[in-house]
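In what follows, a single structure is set out as structure tokens and then discussed.
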Amino acid sequence: VKPMTPRCTVPKAVPVGKSASLHCHENEGYPKSTYSWYRNSEPLSPDTKPNARFQNSSYTVNPTTGTLVFHAVHKGDTGRYSCIATNDAGFAKCEEQEMEV
């Protein structure tokens with residue numbers, strides 16, 4: 001069963017240095033969906049270490065639960081966030097939401 005449009009929760013504004021949690025979830029898809037996050041239409045790598053572009057980022061993505069956690073946000077984390085739920089039958093994307101740091 002193709003996933004339905006996931007429900008995304010993105011905080012509107014987060015003070016610099018604070019933590020932020022973004023959530024993405026849908027429960028129609030079978031098999032269970034995995035989730036990937038995008039900032040300004042760029043995929044956020046689930047593993048921030050090997051990619052130089054994300055060296056200064058301190059976030060973790062859990063593809064199973066759809067949670068994106070920033071441990072300490074900085075100005076560069078400001079942007080439009082969206083999430084895609086994917087399974088064998090297809091994918092669905094939530095609306096982009098702005099997070100300001």
Give the number of residues within the stretch 1-50 that are open to solvent by 40 Å² or more (accessible area, probe 1.4 Å) and assigned to a loop (DSSP other than H, G, I, E, B). 21
Residue pairs within 6 Å by beta carbon, gap of at least six or interchain, first lying in the stretch 1-27 and of a type in the set (Ser, Thr, Tyr), second open to solvent by 80 Å² or more (accessible area, probe 1.4 Å), listed first then second, are 9/23; 19/71
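The values are calculated or read from the model by the stated rules, or taken from the named source; none is laboratory data. Only a predicted model underlies this, so the values are computations on that prediction, with no experimental measurement involved. Glycine also receives a Cβ, built like all others from the backbone with ideal geometry; neighbour counts cover every protein chain displayed. The area values use the complete protein model at the heavy-atom level, side chains included, leaving out ligands, DNA and RNA. Shrake-Rupley method; radii C 1.70, N 1.55, O 1.52, S 1.80 Å.
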